[in-house]
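To keep things clear, I will list the structure first and then write my remarks on it.
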């Protein structure tokens, strides 16, 4: 029951309550679902690893940072409470996955859930595209040409109209709720493609073709329809990382460059260039965000306030977190990211995963057997870890150009990675998690290293203009 409610809760957040529940959405169905899944999760909480991970401390600190950032910047307790409550649903995904995703089958069901969300949006976006005229603006959607933009968006909720570098109109598909922006939806699609290979089964050609290859091709079409430059760059990075293990760095780089060139030739970005010159506005936003961090270094300017200060968001997840929550919030964000990346790299490495032991259950046999589930060998753990590593790579690569520091997808991937890590650890296949002291030290290093990298990039790009 807990896992079923978790999946329903996640789908509701990705596709919005009004779409799934219609008139019942006015009764705050998402809150009812959150309460129900919390209620059924209580028996597992005392035995779960979820609250003993460094990520749990990071999320707790991040929640406090969200509250304090608004409270201190705006001196508005009610606004601080609203920001806090608005942040909780995203990080809730991490704990729910850690609590209830305790087998390979459930991990696969989560992947299928995300696939359903992606295919649903792609299908609706494609149908919306059939009812618009290429090259015409949204005001010309009707025969009279007098529709307002608000009415047009109500009639075409899965499309985002904008102009390319030549001033011509084009349309980008987008989702609802968590993925309402085309860039956000493109990022989710990039993350989902590697996860599909969790469904892969050796020597099952027909099954793999139907459940992995075909859906992956559809998701690639979906990425194209988002016309997201960030998603394209993230896809190239994922291909580079995936190919590097099999064929080496130089051949992988050649393939990645070829993929990028082919995508640009196919008008992948909707007529918008990708270059230092075309990214000048984004670089300027990065510089302004760094200035805001300099003037509000500890608690930032307040969660969700960046667009109010600059007229636009920063288009960089690290800078969004740093500017809005200050170094205090960025530290806890890094405290979630650092052990997540470390654990994912570990389970994806054949050299750092041992063969499973026939260990006894120890003090808690029922809990151990619940997590043990079906037999998992070293090869399977490595495959699951590698799929999650590529997915997380896609998210972070896209996040370098998008403001998705607090996206539910991020915390969902973190929960999936830790669930697999726990499966491996209970079988004696991996090393223990890092001591908290080392995690804290490494997180501080990651925080300053990421800010330094952004600063250096801004300086280099400004000189290149």
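The values are calculated or read from the model by the stated rules, or taken from the named source; none is laboratory data. Fair warning: this is a prediction, and the values are worked out from it, not measured in the lab. Here the Cβ is made from the backbone with ideal geometry for all residues, glycine too, and neighbour counts use every protein chain on show.
Of all the residues that make up region 299-317, how many are within 16 Å of residue 402 (Cα to Cα) and in a helix (DSSP H, G or I)?
4
In this structure, is residue 88 within 27 Å of residue 326 (Cβ to Cβ), out of contact with any helix residue (DSSP H, G or I) (no Cβ under 8 Å at 6 or more places or on another chain), touching a residue at least 24 places away in the same chain (Cβ under 8 Å) and surrounded by fewer than 21 Cβ atoms within 10 Å (Cβ to Cβ)?
Details: within 27 Å of residue 326 (Cβ to Cβ): yes; out of contact with any helix residue (DSSP H, G or I) (no Cβ under 8 Å at 6 or more places or on another chain): no; touching a residue at least 24 places away in the same chain (Cβ under 8 Å): yes; surrounded by fewer than 21 Cβ atoms within 10 Å (Cβ to Cβ): yes.
Criteria not met by residue 88.
One line per residue, one yes/no per condition, for (1) surrounded by fewer than 17 Cβ atoms within 10 Å (Cβ to Cβ); (2) touching a strand residue (DSSP E or B) at 6+ places or on another chain (Cβ under 7 Å); (3) in contact (Cβ under 8 Å) with a residue 12 or more places away in the chain:
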site	(1), (2), (3)
99	no, no, yes
114	no, no, yes
124	no, no, yes
133	yes, no, no
138	no, yes, yes
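Please go through region 65-85 and pick out each residue that is without any contact (Cβ under 8 Å) to a residue 12 or more places away in the chain and either under 25 Å from residue 436 (Cα atoms) or outside any helix (DSSP H, G or I) (or both).
Listed by number, the residues that qualify are 75, 76.
Of all residues in region 12-28, how many are under 16 Å from residue 90 (Cα atoms) and part of a helix (DSSP H, G or I)?
From region 12-28, those under 16 Å from residue 90 (Cα atoms) are 12-17; that's our starting set.
Now restrict to residues that are part of a helix (DSSP H, G or I): 12-15, 17.
The number of residues fulfilling the criteria is 5.
Which residue out of 8, 24 is surrounded by fewer than 19 Cβ atoms within 10 Å (Cβ to Cβ) and closer than 17 Å to residue 113 by Cα? So that I can check it myself, show each step before the final result.
On the way: 24 fails: closer than 17 Å to residue 113 by Cα.
Unique residue meeting the criteria: 8.
Based on this model, can you work out whether residue 361 counts as surrounded by 22 or more Cβ atoms within 10 Å (Cβ to Cβ), modelled with pLDDT under 95 and in contact with a helix residue (DSSP H, G or I) (Cβ under 6 Å, 6 or more places away or on another chain)?
On the way: surrounded by 22 or more Cβ atoms within 10 Å (Cβ to Cβ): no; modelled with pLDDT under 95: yes; in contact with a helix residue (DSSP H, G or I) (Cβ under 6 Å, 6 or more places away or on another chain): yes.
It is false that residue 361 is surrounded by 22 or more Cβ atoms within 10 Å (Cβ to Cβ), modelled with pLDDT under 95 and in contact with a helix residue (DSSP H, G or I) (Cβ under 6 Å, 6 or more places away or on another chain).
Among the residues in region 300-308, are any closer than 20 Å to residue 455 by Cβ, at pLDDT 90 or above and in contact with a helix residue (DSSP H, G or I) (Cβ under 6 Å, 6 or more places away or on another chain)?
Of all residues in region 300-308, those closer than 20 Å to residue 455 by Cβ come to 300-301, 306.
The next check asks that each one be at pLDDT 90 or above; those that pass are 300-301.
Okay, now just the ones that are also in contact with a helix residue (DSSP H, G or I) (Cβ under 6 Å, 6 or more places away or on another chain), so 300-301.
Yes, that holds for at least one residue.
Tell me, yes or no, whether region 379-388 has at least one residue that is at pLDDT below 85 and either farther than 20 Å from residue 58 by Cα or touching a strand residue (DSSP E or B) at 6+ places or on another chain (Cβ under 8 Å) (or both).
no
If you scan region 319-333, which residues turn out to be touching a residue at least 60 places away in the same chain (Cβ under 8 Å) and either buried (at least 24 other Cβ atoms within 10 Å of the Cβ) or more than 23 Å from residue 457 (Cβ to Cβ) (or both)?
In the first step, residues of region 319-333 are kept if they are touching a residue at least 60 places away in the same chain (Cβ under 8 Å); the result is 319-322, 324-333.
The answer is 319, 320, 321, 322, 324, 325, 326, 328, 329, 330, 332, 333.
What number goes with the only condition from (1) over 23 Å from residue 333 (Cα atoms); (2) surrounded by 15 or more Cβ atoms within 10 Å (Cβ to Cβ); (3) in contact with a helix residue (DSSP H, G or I) (Cβ under 7 Å, 6 or more places away or on another chain); (4) modelled with pLDDT under 90 that residue 1 does not pass?
(2)
Based on this model, can you work out whether residue 270 counts as under 22 Å from the mean Cα position of the chain (by Cα), on the phi > 0 side of the Ramachandran plot and at pLDDT below 90?
Details: under 22 Å from the mean Cα position of the chain (by Cα): no; on the phi > 0 side of the Ramachandran plot: yes; at pLDDT below 90: yes.
Spelling it out, it is not the case that residue 270 is under 22 Å from the mean Cα position of the chain (by Cα), on the phi > 0 side of the Ramachandran plot and at pLDDT below 90.
Kindly indicate whether residue 14 is more than 29 Å from residue 447 (Cβ to Cβ) and in contact (Cβ under 8 Å) with a residue 12 or more places away in the chain. Explain how you work it out, then say what you get.
Working: more than 29 Å from residue 447 (Cβ to Cβ): yes; in contact (Cβ under 8 Å) with a residue 12 or more places away in the chain: yes.
Against the criterion (more than 29 Å from residue 447 (Cβ to Cβ) and in contact (Cβ under 8 Å) with a residue 12 or more places away in the chain), residue 14 qualifies.
Just wondering, is there one or more residues in region 183-201 that are loosely packed, with under 14 Cβ neighbours inside 10 Å and farther than 17 Å from residue 108 by Cα?
At the first step, the residues of region 183-201 found to be loosely packed, with under 14 Cβ neighbours inside 10 Å are 201.
Now narrow it down to the ones that are farther than 17 Å from residue 108 by Cα: none.
No, there is no match, as no residue in region 183-201 is loosely packed, with under 14 Cβ neighbours inside 10 Å and farther than 17 Å from residue 108 by Cα.
Closer than 30 Å to residue 158 by Cβ, buried (at least 17 other Cβ atoms within 10 Å of the Cβ) and at pLDDT below 90 - does that describe any residue in region 42-65? So that I can check it myself, show each step before the final result.
Here is the first cut: in region 42-65, the ones closer than 30 Å to residue 158 by Cβ are none.
Checked against the condition, which is being closer than 30 Å to residue 158 by Cβ, buried (at least 17 other Cβ atoms within 10 Å of the Cβ) and at pLDDT below 90, region 42-65 yields no hits at all.
Sort out which residues of region 282-298 are in a loop (DSSP other than H, G, I, E, B) and either surrounded by fewer than 21 Cβ atoms within 10 Å (Cβ to Cβ) or without any contact (Cβ under 8 Å) to a residue 24 or more places away in the chain (or both), and write them in order of number. Before the answer, list the steps.
So in region 282-298, the residues in a loop (DSSP other than H, G, I, E, B) come out as 296-298.
297, 298 - these are the residues of region 282-298 that are in a loop (DSSP other than H, G, I, E, B) and either surrounded by fewer than 21 Cβ atoms within 10 Å (Cβ to Cβ) or without any contact (Cβ under 8 Å) to a residue 24 or more places away in the chain (or both).
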